[in-house]
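Engineer: Could you have a look at this structure, given as structure tokens, before my questions?
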Amino acid sequence: MKMIRRSLLAVVLGGLMVQPLVSMAAGDAAAGKGKFATCAACHGADGKGNGGAFPALTQLSAADAEAVLTAFKKGDMDYLKKHNLGGARYSTMAPQAANLSPADIADLAAYIATTFGGGAAAAATPAAAGAAPVAAATAAPAVPMIAADANIGFGHALFSSCAVCHGAEGEGAKLLNAPKLSGLPVSATASMLEMYKSGKQLGPYSYVMAAQAKYLTPDEIRDLAAYISQMNAPGAHNNMAQTE
């Protein structure tokens with residue numbers, strides 16, 4: 001397989017400098033698009049993430065995306081700790097990467113690089129004359145922030161259980177390994193709650209979250225996700241008052 005090397009410049013991953021690495025192999029961006037659906041639940045369909053909780057994937061090269069995913073799959077703690085990707089991030093990402101094949105990783109890396117601006121992957125098919133750029137053609141459609149029928153006030157009431165670990169303002173708690181939630185996009189919160197509800201393992205604390213999500217109805221997940229997305233946002237209290 002054709003080997004590719006990225007430039008000598010480091011790239012930013014979640015505010016951290018990742019040193020240049022050699023890419024393992026060229027991947028198929030089109031195949032990576034479908035595989036990215038699970039990643040989008042936390043990192044967003046646009047790859048912009050959510051601050052410290054879920055880092056942005058924009059400007060990430062194919063080589064670095066492959067290196068990070070491979071490190072999570074193999075449990076390369078030296079590499080991960082060097083780039084501040086251990087702890088809670090490892091607990092969340094390791095189960096996701098565990099079943100990825102080398103081809104899966106290469107395809108995801110190609111999709112991330114070509115779609116989110118990290119540089120065209122070697123396997124990306126050149127656009128035909130007059131055709132739309134690869135990034136525009138493969139980008140996932142924008143997801144509406146809040147459903148029109150979401151009850152943010154009820155979501156506020158439901159959040160009281162979440163606040164025990166994640167804080168009354170959704171600020172998170174390091175001692176409990178509970179990440180910050182305030183401002184998390186609706187799609188990310190809803191997707192994670194649905195995965196926990198189905199029994200999917202997303203880390204060592206999945207048993208705690210599965211118990212919390214098990215009895216949530218689809219409407220409750222919608223309302224809770226809507227409230228979390230509006231936490232600490234300007235006018236959030238006014239929005240809650242109108243829906244209570």
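The values are calculated or read from the model by the stated rules, or taken from the named source; none is laboratory data. This is a predicted model, so every value here is computed, not measured. FYI the Cβ positions are ideal-geometry reconstructions off the backbone, even for glycines, and counts take in every protein chain you see.
Engineer: Looking at the stretch 53-71, is at least one residue out of contact with any strand residue (DSSP E or B) (no Cβ under 8 Å at 6 or more places or on another chain), modelled with pLDDT under 80 and either not assigned by TED's automatic domain parsing to the domain that holds Lys174 or not in a loop (DSSP other than H, G, I, E, B) (or both)?
Structural biologist: yes
Engineer: Given the residues Ser191, Ser182, which is the only one that is outside any loop (DSSP other than H, G, I, E, B) and not assigned by TED's automatic domain parsing to the domain that holds Gly44?
Structural biologist: Ser191
Engineer: Go through the stretch 203-230 and report how many residues are part of a helix (DSSP H, G or I), surrounded by fewer than 14 Cβ atoms within 10 Å (Cβ to Cβ) and β-branched (Val, Ile, Thr).
Structural biologist: The qualifying residues number 0.
Engineer: Could you say which residue among Ala94, Ala135, Ala157 is modelled with pLDDT of 85 or more and either under 17 Å from the mean Cα position of the chain (by Cα) or not in a loop (DSSP other than H, G, I, E, B) (or both)?
Structural biologist: That would be Ala157, the only listed residue that is modelled with pLDDT of 85 or more and either under 17 Å from the mean Cα position of the chain (by Cα) or not in a loop (DSSP other than H, G, I, E, B) (or both).
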